[in-house]
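The values are calculated or read from the model by the stated rules, or taken from the named source; none is laboratory data. These numbers were taken from a predicted model, which means no experiment stands behind them. Here the Cβ positions follow ideal geometry from the backbone for every residue, glycine too, while neighbour counts run over all protein chains shown. Side chains are part of the model used for accessible areas, which takes the heavy atoms of the whole protein and leaves out ligands, DNA and RNA. Shrake-Rupley method; radii C 1.70, N 1.55, O 1.52, S 1.80 Å.
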Amino acid sequence: MDLGFGGEISDLYHRFRRGYPPELFRAIAVAFSLRDDDLVVDLGCGTGQLAAPMAQHVRAVLAVDPEPDMLARARTAATEQGITNIGWLVGRDSDLPLLRTVLGDQSVAAVTIGQALHWMDHATLFTAVGPLLRPGGGIVVVSNGIPLWLQDSDWSRALRGWLQNWFGTRPANSCGTDELTRQRYRESLIANGFDVSQVELDYTDELDFDHLIGGIYSALPVDRLPPPPERARFAASLREALDPFQPYLEYVPVRAIFGTKITADPVSVTVQPAAD
Ligand SMILES: C[S@@+](CC[C@H](N)C(=O)[O-])C[C@H]1O[C@@H](n2cnc3c(N)ncnc32)[C@H](O)[C@@H]1O
């Protein structure tokens, strides 16, 4: 199934999508007591927004994504940064049980999922993750801000209207960033025996027009991307519609849901010698 992340989208994603604040990686390291010899799996790695910085904290990251173009772009970016401890694997959430077989005795300190769980069957995934994890390990589900067209600002409201006009449909997908969806994720983690906590890292940043339009392009399925000859018209019309609402200030709420594997305390049994 083509999810629309191939071709040009992978490059746009790499250039225009936000990475994550360094505090996030420190919080993951603390939550799962990460060690130098640990392995982390980043599921739905895209172009490596989580996988690349995560790799500094552990022995290796296994970065998994069903879209080969995303993996290829991520791999090039990591090589350019001199990162050598990430393995890139074509795969999806439903392949996780297979990973248990591939890894043999090796367990995983953490499974990270950045801005991708809404593409997966989260309940099945949370059940499958448990057997992969080492004691004290866990899963972290991160959402990175709010889609550009759903923000509570005048420029974002103008963008919503403009996109509706251009494409003929109202852009409404929250991509798993809304509170109701996160609540469902938390409940599902608890139902699967995880201890759940949340870290909130918020900041505000100013977008320039290139990043705004690049962010929109990167969020479109590749078959809806305006063809290159149409892009100048697309950009000019959007620029005109949004210009009165400058500066494009973006409030970026980063939310990380941590699910730590609950391990049963070892039961100590004292065996009394049988009396003769
Ligand atoms: C929005 S991108 C997120 C990329 C990156 N993790 C980040 O934090 O920005 C979503 C990624 O999920 C991948 N994806 C889609 N369906 C998936 C699935 N069933 N299992 C794993 N990854 C999937 C897509 O190919 C895409 O690269």
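Of all residues in the stretch 13-54, those satisfying the criterion of being in contact with a strand residue (DSSP E or B) (Cβ under 9 Å, 6 or more places away or on another chain), within 14 Å of the ligand (Cβ to nearest atom), closer than 20 Å to R92 by Cα and not in a loop (DSSP other than H, G, I, E, B) are V40, V41, D42, L43, A51, A52, M54. Can you spot a residue in the stretch 260-270 that is open to solvent by less than 50 Å² (accessible area, probe 1.4 Å), touching a helix residue (DSSP H, G or I) at 6+ places or on another chain (Cβ under 8 Å), of a type outside the set (S, T, N, Q) and touching a residue at least 40 places away in the same chain (Cβ under 8 Å)? Among the residues of the stretch 260-270, not one is open to solvent by less than 50 Å² (accessible area, probe 1.4 Å), touching a helix residue (DSSP H, G or I) at 6+ places or on another chain (Cβ under 8 Å), of a type outside the set (S, T, N, Q) and touching a residue at least 40 places away in the same chain (Cβ under 8 Å), which makes the answer no. Take G4 and decide whether it is in a loop (DSSP other than H, G, I, E, B), touching a residue at least 60 places away in the same chain (Cβ under 8 Å) and surrounded by 16 or more Cβ atoms within 10 Å (Cβ to Cβ). Against the criterion (in a loop (DSSP other than H, G, I, E, B), touching a residue at least 60 places away in the same chain (Cβ under 8 Å) and surrounded by 16 or more Cβ atoms within 10 Å (Cβ to Cβ)), G4 does not qualify.
Of the helices (runs of 4 or more DSSP H) contained entirely in the stretch 126-242, those carrying at least 2 residues that are surrounded by 13 or more Cβ atoms within 10 Å (Cβ to Cβ) and free of Cβ contacts under 8 Å to residues at least 12 places away in the same chain fall at 154-167. Filtering the stretch 101-121 to residues that are in contact with a helix residue (DSSP H, G or I) (Cβ under 6 Å, 6 or more places away or on another chain) and either in a helix (DSSP H, G or I) or near the ligand (Cβ under 8 Å from one of its atoms) (or both) leaves only M120.
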